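Student: Pasting a structure here, questions to come.
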Ligand SMILES: C[S@@+](CC[C@H](N)C(=O)[O-])C[C@H]1O[C@@H](n2cnc3c(N)ncnc32)[C@H](O)[C@@H]1O
């Protein structure tokens, strides 16, 4: 059993109180591993284990690279469904870019464009500023506004951010993303749908709440010691997305499990 498998097996059983210490210990171990692995990889700049943990829930280098690559392929495939690709957009924003897990794979498209990334994670953005020279990176607050002018972006993508927001933050951010998107511009984001919820074996009460309200927000052990209470785990039904996101944008596509690796649904929106 390798360390990734071992981590998956034992981490759900670590008591919440000592979970941050457990993660720090694994991060320390991974840092030692990085020193051996890094020279053999094509990348010179890869974020440290603690930042990798912030965006994937795991500190492992191989997982960080593998999952970033697959996710970018899935986002490309989603754009193909509306006959677009990353190359077609001039002004691009990643909302919730973290430490650039996706950005590093998009560099080939984004180098010649105006690329921006924003996140609440000060340490992650500091790493991006120092290491990803082709983009402009900013820290934002938990709630809008962003510093960007209105009608600025042709494409905003946001991977696994709305999967963590409570409803207040979700609606505030949908309105803000609408403000900064150009007319006919595209917003592509992911959510955790009903199928994903089924797989997670939540309680019957949770299942009933998701069915009834279409939205479920729950605190999770994994995120509790690290993130604020409004940033935890959120699930959406397709019906809820259709009824509510359409108050801000046209819903062009709802792609169930469009992100194949972890089964998030991809939603493609267009500003009128
Ligand atoms: C699961 S991580 C995904 C990061 C990145 N999109 C990726 O796929 O690697 C979610 C990210 O959303 C960021 N985030 C959460 N709430 C945010 C907010 N209100 N504004 C900007 N970023 C936010 C977190 O700090 C974190 O970096």
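Every number in this text was worked out from the coordinates using simple rules, so none of it is lab data. Just so we're clear, the structure is a prediction, and the values are computed from it rather than from any experiment. Cβ coordinates were reconstructed from backbone atoms using ideal geometry, including for glycine residues, and neighbour counts include every protein chain displayed.
Student: Quick check on the exposure proxy: order 229, 11, 220 from fewest to most C-beta atoms within 10 angstrom.
Tutor: By the 10 Å Cβ count, ascending, the order reads 229, 220, 11.
Student: Using every pair of alpha-carbon atoms in the range 130-240, split the distances into 10 Å bins beginning at 0 and state the percent of pairs per bin, rounded to integers.
Tutor: Going out from 0 Å in 10 Å bins, the range 130-240 shows 13, 38, 32, 15, 2 percent.
Student: For the range 1-133, what relative contact order do you get, as a whole percent, if you take Cα pairs closer than 8 Å and at least 6 residues apart?
Tutor: 19
Student: List the relative contact order of the chain as a percent without decimals, with contacts defined as Cα pairs under 8 Å and 6+ residues apart.
Tutor: 16
Student: Pop the C-beta distance of residue 133 and residue 183 into the FRET formula with R0 = 25 Å and round what comes out to the nearest 0.05.
Tutor: 0.20
Student: How high is the FRET efficiency from residue 143 to residue 22, r the C-beta distance, R0 30 Å, rounded to 0.05?
Tutor: 0.45
Student: Semi-axes of the equivalent ellipsoid of the range 67-270: what are they in whole Å, largest first, if each equals the square root of 5 times a C-alpha gyration tensor eigenvalue?
Tutor: 26, 19, 17
Student: Here's something else I'd like to know. Could you quote the convex hull projected area for the range 120-173, Cα atoms only and averaged over all directions, in nm²?
Tutor: Over every viewing direction, the Cα hull of the range 120-173 projects on average to 4.5 nm².
Student: For residue 202 and residue 6, compute 0.36 nm times the residue count separating them, minus their Cα-Cα distance, and round to one decimal in nm.
Tutor: So the extension gain works out to 68.3 nm.
Student: Which value, to two decimals, describes the C-alpha radius of gyration of the range 1-88 once divided by 2.2 N^0.38 Å?
Tutor: Values: Rg = 16.1 Å, N = 88, 2.2 N^0.38 = 12.1 Å.
Expressed relative to 2.2 N^0.38 Å, the Cα Rg reads 1.33.
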